[in-house]
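Take a look at the structure below.
The values are calculated or read from the model by the stated rules, or taken from the named source; none is laboratory data. Since this is a predicted model, take the numbers as computed values, not measurements. Cβ: placed from backbone, ideal geometry, glycine included. Neighbour counts: every protein chain shown. Only protein heavy atoms, including side chains, enter the accessible area calculation; ligands, DNA and RNA are left aside. Shrake-Rupley method; radii C 1.70, N 1.55, O 1.52, S 1.80 Å.
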Amino acid sequence: MEVGRLPISASQRGKLISAGYTTLSSLSSISASDLARDLKILDSEALEILKVASLNNRLDRPNGGHGIVNGAQTAWEMLHEEQFFPRITTSCADLDEILGGGINCKEVTEIGGVPGIGKTQLGIQLAVNVQIPVEFGGLGGKAVYIDTEGSFMVERAMQIAEACVLDMSHYNDLLRKEDRACQVKLQPSDILENIFYFRICNYTEQMALMNYLDKFISEHKDVKIVIVDSVTFHFRQDFEDLGLRTRLLGGMALKLMNLAKAHSLAVVIFNQVTTKYTEGSYQLALALGDSWSHSCTNRVILYWNGDERFAYIDKSPSLRSASAPFAVTSKGIRNSPSNYKRTKMM
Amino acid sequence: MAPLRSLEQEYPILDPLFQTFCALHGIFSVEDFLLHDLYVLAAFAEQEPDSERLKQGITQVLSIIDGQHQPWLNGMELLADALHNKHVLSTGCDGIDLLLGGGLSAGQLTELVGPSSSGKTQVCLQAVSSVAKKHIGNVVYLDTSNSFSPQRVAHFVGLVSNISFDQARHHFLQNVMNNIVCHSVFDIFTMFAVLHQLEISLRMQLQSGDHRVRLLIIDSISSLITPILGGKGSQGHALMVSAGSLLKKLAHDHNLAVLVTNHTVGGEGGVPKPALGETWKSIPHVRLLLSRDRGNKKCTVSIIKHSSMDSGKAASFDL
């Protein structure tokens with residue numbers, strides 16, 4: 001493998017190539033002090049370079065995982081693994097139905113809509129619902145809520161948490177005594193305790209937090225959902241260099257994907273809307289541009305249809321395009337109370 | 001290539017005496033060796049006391065250099081290779097197969113470009129199920145956005161299977177799905193490491209000859225390259241070109257078909273154009289543009305570039 005494909009800095013690469021080390025094999029039999037002398041760098045730097053090179057060399061013998069590539073899985077194994085990752089309900093039956101049961105773990109779901117449609121409400125609802133205990137069909141996990149706009153309201157979260165606990169005990173009462181799961185031990189204050197809240201004030205903090213999240217979640221292993229509300233806010237105004245913006249967003253999307261896959265959690269990001277001139281008319285489209293729209297696994301668009309709120313699956317590898325109504329009530333997100341509830345298959 | 005010192009282990013004739021002799025003439029690495037006038041060097045070697053050994057050393061280095069390039073092939077050998085080894089793999093979508101004259105060609109890098117939600121991942125998943133089922137080959141799928149959906153693949157595989165008993169169908173599905181290997185990559189260096197491993201295991205497999213890898217899919221390569229492209233340095237650009245040449249080399253040497261997906265960005269006049277810029281345009285052998293009409297769910301695929309067909313041909317199909 002060429003030295004140019006190693007993850008080292010450009011100046012180190014330049015020095016290596018000008019000294020004649022262009023392949024990994026040439027680095028395999030040299031000591032750090034010789035390398036440091038040749039390249040005129042510090043011993044510690046040379047040691048770093050050799051460590052990176054030997055890491056890549058050690059992958060020479062594919063073993064474990066599947067015979068072809070280390071760390072890969074066969075499709076059969078993945079098919080069966082899906083059963084072990086329950087979905088996070090949104091408390092609205094129609095919405096859950098078009099999502100195939102709820103928000104999926106290990107995937108990044110992007111939800112966008114006009115202001116006031118209920119994105120933050122949905123975010124708070126999901127942060128509460130992820131904590132529903134396993135006996136009641138939930139995940140029993142914690143939530144990380146990253147707030148960039150300052151729209152998270154603790155009183156509202158308390159309201160939704162109380163409604164959730166009330167619903168769970170009602171559900172418990174409806175079951176017969178033998179089927180009853182253990183009493184609802186969860187209190188609204190416990191629910192609030194399990195939401196880790198981060199407030200972000202500019203895009204630098206946002207990038208820094210993305211880098212830090214991996215370490216945070218390794219320490220708090222029961223975090224099962226990461227909500228970013230919203231990812232657009234700090235990238236929309238006053239960004240002079242659009243190329244830099246695309247690069248930063250691309251890198252952030254990959255980090256979130258990595259997080260979702262490595263820790264088996266769900267990542268939900270909220271986006272804002274903008275107008276786009278397509279096919280001869282101005283239409284509403286999600287912000288942050290074309291490159292960003294490819295970085296999520298699923299995309300859901302929330303929109304108004306008359307007086308009702310609707311959610312539409314815009315992009316998904318395994319779900320059909322469909323839309324469903326939902327409502328925002330004092331108890332949180334619930335089914336729409338309209339006379340004829342329909343799930344339009346498009 | 002390496003400094004002469006590191007070659008000493010494998011080729012003991014390049015001993016310190018030879019290295020000192022070369023150092024006297026300012027030759028420290030193999031590159032310096034190539035740049036130097038060899039007749040002059042041999043003439044100097046004549047005058048040294050150990051001239052035979054030195055001349056053997058010179059010939060040894062020359063033979064190492066010779067071994068680095070691919071063997072020369074003439075037209076007949078290339079034709080034989082194309083007929084016997086470079087098969088055509090069906091993609092599972094009739095429209096695309098018809099357009100490409102059978103499907104994806106082994107030995108070629110095919111790129112699928114399209115705006116968001118136009119069906120690129122669906123086409124990839126269909127190709128995966130088709131190759132795993134019909135051609136009994138292994139498929140390696142590198143996924144950057146966690147969109148590899150095993151249920152969808154199982155659905156496609158089950159679609160055209162005519163086995164009626166559930167047990168047999170289960171067994172058949174298991175065999176087919178076990179041929180599909182999926183790996184998540186989230187940055188370009190991991191992708192290089194994975195491709196390097198793949199290359200080594202393919203070389204080992206050539207000798208054993210069991211189920212060979214037939215198809216390599218990277219969905220999507222643009223999300224790996226966009227974060228490093230642009231900016232002050234040109235390292236991103238170099239990595240992109242390096243990735244392209246590595247994929248083409250893998251395709252040619254091991255008779256794989258390689259399929260990558262790319263996204264579109266806004267061009268002049270609002271017409272979307274493929275991302276990754278001008279340099280990337282010349283790297284894939286075949287480029288296909290996919291677009292989906294929201295109203296009637298029809299997908300249109302058209303050829304932007306092909307090594308042996310007109311560009312501009314189009315076909316439409318349902319997904």
query: Looking at chain A, which longest stretch skips every one of the chymotrypsin sites (Phe, Trp or Tyr not before Pro) that is in a DSSP loop with at most 13 other Cβ atoms within 10 Å, leaving the sites themselves out?
result: A:1-238
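Take the Cα gyration tensor of chain B, multiply each eigenvalue by 5, square-root it, and list the three semi-axes largest first, rounded to whole angstrom. Write out the running numbers ahead of the final one.
Working: eigenvalues 438, 116, 64 Å².
So the three semi-axes of chain B are 47, 24, 18 Å.
Against the globular-protein guess of 2.2 N^0.38 Å, express the Cα radius of gyration of segment B:83-165 as a ratio, rounded to two decimals. Could you put the intermediate results ahead of the total?
Values: Rg = 13.3 Å, N = 83, 2.2 N^0.38 = 11.8 Å.
Expressed relative to 2.2 N^0.38 Å, the Cα Rg reads 1.13.
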- line: Membrane-span-like helices (DSSP H runs, Cα span along own axis at least 18 Å, mean Kyte-Doolittle at least -1.0) in chain A -> A:43-58, A:154-174, A:203-219, A:242-263
statement: When the charge dipole of chain A is computed with +1 at the Cβ of Lys and Arg and -1 at the Cβ of Asp and Glu, the Cα pointing farthest to the positive end, of A:Val228, A:Ser281, A:Ala253, is that of A:Ser281
- prompt: Under a plain spin-label model, where a point goes 7 Å from the Cα along Cα-to-Cβ, how far apart in nm are A:Tyr303 and B:Phe172?
  reply: 4.1 nm
field: Descending principal axes extents, segment B:1-103, alpha-carbon based, whole Å
entry: 73, 26, 22
- prompt: Helix B:150-159: angle to the longest alpha-carbon principal axis of chain B, degrees 0 to 90, nearest 10?
  reply: 60 degrees
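Stretched out fully, how many nm does the piece from A:Arg320 to A:Glu2 gain, at 0.36 nm a residue minus the Cα gap?
Numbers: separation 318, 0.36 × 318 = 114.48 nm, distance 4.35 nm.
Here the segment from A:Arg320 to A:Glu2 would lengthen by 110.1 nm.
Which FRET efficiency value, to the nearest 0.05, is calculated for A:Met158 and A:Gln283 with the Förster distance at 41 angstrom and r the Cβ-Cβ distance? Provide the component values of the computation, followed by the final result.
Numbers: r = 38 Å, r/R0 = 0.94.
The pair A:Met158/A:Gln283 has a calculated efficiency of 0.60.
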- request: Just need log10 I(q)/I(0) for the protein assembly as shown at q = 0.06 Å⁻¹, Debye formula, equal scatterers on the alpha-carbon atoms, no solvent, rounded to two decimals.
  value: -0.41
- request: Could you bin all the Cα-Cα distances of segment B:44-116 into 5 Å bins starting at 0 and give me the percent of pairs in each, rounded to whole numbers?
  value: 3, 11, 11, 12, 10, 8, 7, 7, 6, 6, 6, 4, 4, 3, 1
- prompt: Residue-wise, which Karplus ³J(HN,Hα) couplings in Hz belong to segment B:236-246, taking 6.51 cos²θ - 1.76 cosθ + 1.60, θ = phi - 60°, and x for glycine or proline?
  reply: x, 4, 5, 5, 5, 5, 5, 4, x, 6, 5
message: Report the gain in length on full extension from A:Arg236 to A:Asp214: 0.36 nm times residue separation, minus Cα-Cα distance, nm rounded to one decimal.
response: 5.4 nm
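May I ask you to order B:80-86, A:284-290 by the average number of other C-beta atoms within 10 Å around their residues, highest value first? Spell out each step's value before the answer.
On the way: B:80-86: 11.7, A:284-290: 18.6.
Going by the mean number of other Cβ atoms within 10 Å, highest first, we get A:284-290, B:80-86.
Quick check on packing: order B:95-107, B:167-179 by the mean number of other C-beta atoms within 10 Å, highest mean leading.
Details: B:95-107: 20.1, B:167-179: 15.6.
Ranking, from highest mean packing down: B:95-107, B:167-179.
How big, in percent, is the set of alpha carbon pairs in segment A:226-346 lying more than 18 Å apart? The partial results should precede the final answer.
On the way: 4540 of 7260 pairs.
Taking all Cα-Cα pairs of segment A:226-346, the fraction more than 18 Å apart is 63 percent.
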statement: accessible surface per residue for segment A:1-54, probe 1.4 Å, DNA/RNA/ligands not counted, whole Å² -> 48 Å²
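If one computes P(r) from the Cα atoms of segment B:180-270, what percent of pairs lie at distances over 17 Å?
Values: 2233 of 4095 pairs.
So the pairs more than 17 Å apart make up 55 percent of the total in segment B:180-270.
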- prompt: Could you give the nm distance between label points at A:Glu82 and A:Cys201, where each point is 7 Å from its Cα heading toward the beta carbon?
  reply: 4.5 nm
query: How many angstrom lie between the C-alpha centres of segment A:206-256 and segment A:3-49?
result: 32 Å
- request: Apply 1/(1 + (r/R0)^6) to the Cβ-Cβ distance of B:Ile200 and B:Glu52, taking R0 = 41 Å, and write down the FRET efficiency to the nearest 0.05.
  value: 0.60
query: Using every alpha carbon pair in segment A:212-276, what percent of pairs falls into each 10 Å bin from 0 up to the bin containing the largest distance?
result: 18, 46, 27, 9, 0
- prompt: For chain A, modelled as a GNM with alpha-carbon contacts under 10 angstrom, which of A:Ala32, A:Ala157, A:Ala93 fluctuates the most?
  reply: A:Ala32
field: Convex hull volume of segment A:137-240 per residue (C-alpha atoms, cubic angstrom)
entry: 110 Å³
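Write out the GluC sites (Glu not before Pro) in segment A:78-179 meeting two conditions: DSSP loop, and at most 11 other Cβ atoms within 10 Å of their Cβ.
Details: sites: A:Glu81, A:Glu82, A:Glu97, A:Glu107, A:Glu110, A:Glu135, A:Glu149, A:Glu155, A:Glu162, A:Glu178; in loops: A:Glu107, A:Glu149, A:Glu178.
Of the GluC sites (Glu not before Pro), the ones in loops of segment A:78-179 whose Cβ has at most 11 other Cβ atoms within 10 Å are A:Glu178.
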